[in-house]
Amino acid sequence: MSPRLKLVFLSPLAVPHQIKFCSALQEYYDAEFWFYETPDRTRGKWWRIDLGDKCKILKNVLFMKSGPLATKYFALGLNKQLNAFNPDIVMLGGFSIPSNVLAFFWARRNKKRTIVFTERSRHRNGVLRKRGVIWRTLKRLYRDLDMVYTTADDAVEQFRDDFAFGDKVVAGRYAADIENYFKHPLREPKPAYTYLFANRMTEIYNPLGAIDIFAAVLLKYPGSQLVMNAAGELGPQCRVRIKELGLYDDVEFLTGLQSWEDLHKVYSRCDILLLPASFSNGNFTILEAMASGMGLVISNCVLGIGKMVEDGKNGFNCAPTKDAFVSCIDKYVQQPSLLKVHAELNRPLVEPLSASGTAKFFNEILQERFGY
């Protein structure tokens with residue numbers, strides 16, 4: 001029996017989804033995931049889980065530009081580590097990280113397969129980038145790349161056509177850590193529900209809009225509750241808005257989470273997910289809510305995973321306005337059987353997106369492309 005191929009993945013943050021994906025990939029590859037930093041700075045310490053013996057945080061990493069969406073990393077001594085592991089496949093989490101570029105050059109010199117794992121490329125305001133100076137330069141740097149593995153179907157066109165990577169582009173996906181969510185009970189009819197805003201309190205996710213939506217719902221359905229992610233730069237403004245609307249007794253911030261493994265318990269006590277985002281590439285929060293059996297009311301500005309929610313079929317997908325969201329919530333309250341109907345559609349839909357399902361999917365793509 002021939003030895004398993006070695007795969008290394010360089011990724012910015014040691015988040016649980018990636019660590020569990022690495023574990024699932026062991027069925028097919030001798031895989032190691034090397035991360036530039038812990039999730040502490042942008043996600044919080046409670047995102048940390050055991051790295052195991054196949055994942056590690058790289059040492060001597062220089063942060064060239066700060067900010068949760070724009071950090072550039074340079075890992076000293078990376079070539080030496082690549083030489084020691086000598087992977088057959090080098091996968092890079094993003095094109096523009098300096099150490100990823102250096103790892104790509106190492107791989108080409110040593111005749112290794114190269115893959116870039118990427119989301120859509122967007123400006124800070126959410127507008128898709130075109131093939132300007134930056135992407136012409138990146139295309140030239142990565143002209144010998146073997147594969148662009150995108151995080152969603154609707155990212156393929158940008159990299160295939162706009163950035164001219166052609167048939168090297170495939171539709172991939174992130175792995176989701178959702179196994180525990182399938183154990184949650186189906187939601188029962190109630191006179192008032194508990195709503196979850198699970199995303200960070202940052203502008204694109206529109207937490208202030210979520211508060212306004214909830215305030216309107218509470219007026220119609222006394223006893224409703226809102227549970228909110230406590231992280232994000234708009235936290236102070238959100239607390240001011242809650243005070244102005246007199247919602248202190250009706251809103252709970254998730255400040256007490258101590259462990260990633262406790263996160264699914266938050267979903268189990270909530271009924272309906274709210275995501276009135278003005279823009280998003282797609283969120284695990286949607287998959288987690290679907291696996292949990294929650295109702296879904298999400299913005300039609302959410303791409304990727306958001307497109308799995310078909311308006312009126314397995315959830316509600318509408319404009320990110322107060323009136324549109326309240327109208328959709330009314331349907332869940334007035335037709336409570338929809339919660340069960342949507343849950344029974346959504347759970348089998350997301351089951352293949354787990355870490356083990358995604359590892360199988362990834363291996364099948366590599367077999368098809370490279371004959372592994």
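Structure values in brief
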{"quantity": "GNM flexibility winner over the chain from S354, S259, S280 (Cα, springs under 10 Å)", "calculated": "S259"}
{"quantity": "Of L76, H123, I89, farthest towards positive along the dipole that unit charges on Lys, Arg, Asp, Glu beta carbons give the stretch 70-184", "calculated": "L76"}
{"quantity": "Two-decimal log10 I(q)/I(0) for the stretch 94-161, as the Debye equation yields it once each C-alpha is a single scatterer, q = 0.12, 0.14, 0.24, 0.25 Å⁻¹", "calculated": "-0.32, -0.43, -1.19, -1.27"}
{"quantity": "Where N is the number of residues in the chain, Cα Rg divided by 2.2 N^0.38 Å", "calculated": "1.03"}
{"quantity": "For the stretch 97-208, fraction of C-alpha pairs farther apart than 26 Å, in %", "calculated": "41 percent"}
{"quantity": "Rounded to 5, the percent of DSSP beta bridges in the chain classed as antiparallel", "calculated": "10 percent"}
{"quantity": "GluC sites (Glu not before Pro), loop per DSSP, at most 14 other Cβ atoms within 10 Å - longest free stretch of the chain", "calculated": "28-232"}
{"quantity": "Residue (of F105, A24, A289) at the positive-pole extreme of the chain, dipole from beta-carbon charges", "calculated": "F105"}
{"quantity": "1.4 Å probe accessible area per residue over the chain, in Å²", "calculated": "45 Å²"}
{"quantity": "Over the stretch 181-338 - Rg/Rh using Cα atoms and the Kirkwood inverse-distance radius", "calculated": "0.92"}
{"quantity": "Rounded tilt (10° steps) of 98-109 against the dominant C-alpha axis of the chain", "calculated": "40 degrees"}
{"quantity": "At R0 = 56 Å, FRET efficiency that the Cβ-Cβ distance of K111 and L219 yields, to 0.05", "calculated": "0.30"}
{"quantity": "The stretch 237-296, relative contact order in percent, only Cα pairs under 8 angstrom and at least six apart counted", "calculated": "30 percent"}
{"quantity": "Angle in degrees between helix 337-350 and the longest Cα principal axis of the chain, rounded to the nearest 10", "calculated": "0 degrees"}
{"quantity": "Radius of gyration and maximum dimension Dmax of the stretch 146-238, Cα, Å", "calculated": "19.6, 57"}
{"quantity": "Proportion of all alpha-carbon pairs of the stretch 1-139 beyond 19 Å (%)", "calculated": "54 percent"}
{"quantity": "Accessible surface, 1.4 Å probe, highest first, among residues R173, R143", "calculated": "R143, R173"}
{"quantity": "Rounded FRET efficiency, nearest 0.05, which uses the C-beta distance separating R41 from N79 and R0 of 41 Å", "calculated": "0.95"}
{"quantity": "For the stretch 115-171, with +1 on Lys and Arg beta carbons and -1 on Asp and Glu, the positive-most of L145, V170, G132 along the dipole", "calculated": "G132"}
{"quantity": "Bins of 5 Å from zero: percent of alpha-carbon pairs in the stretch 291-371", "calculated": "3, 14, 20, 19, 16, 10, 7, 6, 3, 2, 0"}
{"quantity": "Accessible surface of the chain [probe 1.4 Å, protein heavy atoms]: carbon and sulfur percent", "calculated": "52 percent"}
{"quantity": "The stretch 204-310: trypsin sites (Lys or Arg not before Pro) falling in loop per DSSP and having at most 13 other Cβ within 10 Å", "calculated": "R269"}
{"quantity": "The chain: most fluctuating residue of D212, D250, D50 per GNM, C-alpha cutoff 10 Å", "calculated": "D50"}
{"quantity": "Sparse-neighbour loop sites [chymotrypsin sites (Phe, Trp or Tyr not before Pro); the stretch 182-248; at most 11 other C-beta within 10 Å; DSSP]", "calculated": "Y248"}
{"quantity": "Cα long-axis angle, helix 207-220 against the chain (0 to 90 degrees, to the nearest 10)", "calculated": "30 degrees"}
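The values are calculated or read from the model by the stated rules, or taken from the named source; none is laboratory data. Just so we're clear, the structure is a prediction, and the values are computed from it rather than from any experiment. Glycine also receives a Cβ, built like all others from the backbone with ideal geometry; neighbour counts cover every protein chain displayed. SASA here: full protein model, heavy atoms, side chains in, ligands and nucleic acids out. Shrake-Rupley method; radii C 1.70, N 1.55, O 1.52, S 1.80 Å.
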